[in-house]
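Trainee: Pasting a structure below so you can have a look.
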Amino acid sequence: MPARTAPTTPSPAPAGLDVLLDARETATYLRTTEAKLRQDRSRRVGVPYVKVGARVLYRVGDIRAYIDDNVQTADVASRAR
């Protein structure tokens, strides 16, 4: 089994600009695959993204907001049963 790599740390952006990650970096950060991110974009769900020409980029703030919006508590998990 290959060793897990730590999520990448984005380089700081110039003052006033958003830090952007590409799909590979975002997938690594979220511990998912680029294919899953592509599928989510196709279904119009998941992390908001930015198109710059043909490139798909993700703002770090949007990734963090997505994570915060998807936090599950014990209460929610027990009601789902």
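The values are calculated or read from the model by the stated rules, or taken from the named source; none is laboratory data. These figures come from a predicted structure and were not determined experimentally. Glycine also receives a Cβ, built like all others from the backbone with ideal geometry; neighbour counts cover every protein chain displayed.
Trainee: Identify, please: which residue in segment 1-42 is among the aliphatic types (A, V, I, L, M) and at pLDDT below 90 and is, among those, farthest from GLY61 (Cα to Cα)?
Mentor: For segment 1-42, the residue satisfying everything is MET1.
Trainee: Give me the residue from segment 34-73 that is surrounded by 12 or more Cβ atoms within 10 Å (Cβ to Cβ) and in a loop (DSSP other than H, G, I, E, B) and, out of that set, nearest to the chain's Cα centre (by Cα).
Mentor: Checking each candidate, the answer is VAL47.
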